[in-house]
1. Enumerate the calculated ³J(HN,Hα) couplings along segment 91-107 in order (Karplus 6.51 cos²θ - 1.76 cosθ + 1.60, θ = phi - 60°), each rounded to whole Hz, writing x wherever the residue is Gly or Pro.
2. What FRET efficiency, computed as 1/(1 + (r/R0)^6) with R0 = 35 Å and r the Cβ-Cβ distance, is obtained for K43 and S7, rounded to the nearest 0.05?
3. For the residue pair T52 and K64, what label-to-label distance in nm results when each label sits 7 Å from Cα along the Cα-to-beta-carbon direction?
4. Express the accessible area of segment 1-63 per residue in Å², computed with a 1.4 Å probe while the remaining protein chains stay in the model.
5. Pop out the carbon and sulfur fraction of the accessible area of the chain as a percent, whole number, probe 1.4 Å.
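The values are calculated or read from the model by the stated rules, or taken from the named source; none is laboratory data. Given the structure is predicted, the values throughout are model-derived calculations rather than measurements. Here the Cβ positions follow ideal geometry from the backbone for every residue, glycine too, while neighbour counts run over all protein chains shown. Protein only, heavy atoms only, side chains kept; ligands, DNA and RNA dropped before computing areas. Shrake-Rupley method; radii C 1.70, N 1.55, O 1.52, S 1.80 Å.
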Amino acid sequence: QVRLVESGGGLVQAGGSLRLSCSASGMTFSINTMGWYRQAPGKQRELVAGITSGGSTNYADSVKGRFTISRGNAKNTVYLQMNSLKPEDTAIYYCNAVAYGADYWGQGTQVTVSS
């Protein structure tokens, strides 16, 4: 089992920045990929950014050049640096980890960007 706890969400004006953090505990040695997803009201959950254990990253087109995903030295923490935030980035952001083919999710953190 892997437990994920997110932090760092909040309210910010358009053009501002936020940094999300996700800390994993439990069987962290089994984690391969970690990532961030988001879900806006009335919309499906979508991938924002992902990072593999080897450091390869991928991003949704809508956030490329504005968001940066990274992992801590201990590999059980993942960050999402969000710059130039837009109102359409408003959503609940969920941390995700894949371990032995199973998906694990955090409880989510709200990000609200005001115009």
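1. Listing the rounded values in order: 4, 8, 9, 10, 7, 10, 9, 10, 9, 6, x, 9, 8, 10, 10, x, 7 Hz.
2. Numbers: r = 23 Å, r/R0 = 0.67.
E between K43 and S7, to the nearest 0.05, is 0.90.
3. 1.8 nm
4. Numbers: 3450 Å² over 63 residues.
Spelled out: the 1.4 Å probe surface of segment 1-63, per residue, equals 55 Å².
5. On the way: 2820 of 5970 Å².
Answer for the chain: carbon and sulfur cover 47 percent of the accessible area.
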